[in-house]
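Participant: Pasting in a structure now, in structure tokens, and then I'll have a few things to ask.
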Amino acid sequence: TGSYRVGQTVSVTVTFTTPVTLTGTLELPLTVGSTARTATYASGSGTTELVFNYTVQAGETDSDGVAVLSPLTLTGGTLRDAAGVDALLNFTPLTSSGVLVDTTAPTVTISAPSVANTMSGPVTYTVTYADLGFNASTLALANLTLNKTGDANGTLSVSGSGVTRTVTISGITGSGT
């Protein structure tokens, strides 16, 4: 399970109890909501886990889940165990894999400055991120630019964690904004 956007890749792992050998190019039929889709084979030949990738399509929404068809069927190739027996005979996945398709754009809110007028600071702003699948900001000092006029200057710093950061301008000098 997870949160994905249009254009991102969802990986589906199929696990077997014994190693398998792949012949051909396998595809994994899926349903997304009520629409039939196909995941393409990505990796895992000669192992107990095969990984298939599906790219989230435009129009798929938050309420659409990705389900592996049961009983499991693969097309375009064969899987055999070490004895040469079809690995898919009587194989049924234990559960379907639900995936949330996040189609809501994230938002960033920047608060008003902590003080409206100051000669020396500090002045702080709170930056808050909101997004369904977002749990930590990557805002860093390198992402910020101090926009100034005249000979005004100051020192920027960033603190905080999770989805909230505090940007501080300290050591304010000069005239301007």
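Participant: Taking the Cα-to-Cβ direction at residue 31 and at residue 166 and moving 7 Å from each Cα, how far apart do the two end points lie in nm?
Facilitator: In this crude label model, residue 31 to residue 166 measures out at 5.1 nm.
Participant: Which of the peptides 145-156, 11-22 is most tightly packed, and how do the rest follow, going by the mean number of other Cβ atoms within 10 Å of each residue?
Facilitator: Top of the packing list down: 11-22, 145-156.
Participant: Could you check the simple spin-label distance between residue 49 and residue 110, using points 7 Å along Cα→Cβ, in nm with one decimal?
Facilitator: Result: 4.2 nm between the two label points.
Bear in mind these aren't lab numbers, they're just calculated from the coordinates by the rules spelled out. Everything numeric here is computed off the predicted structure, so don't read it as measured data. Glycine gets a Cβ as well: all are built from the backbone with ideal geometry, and neighbour counts include every protein chain shown.
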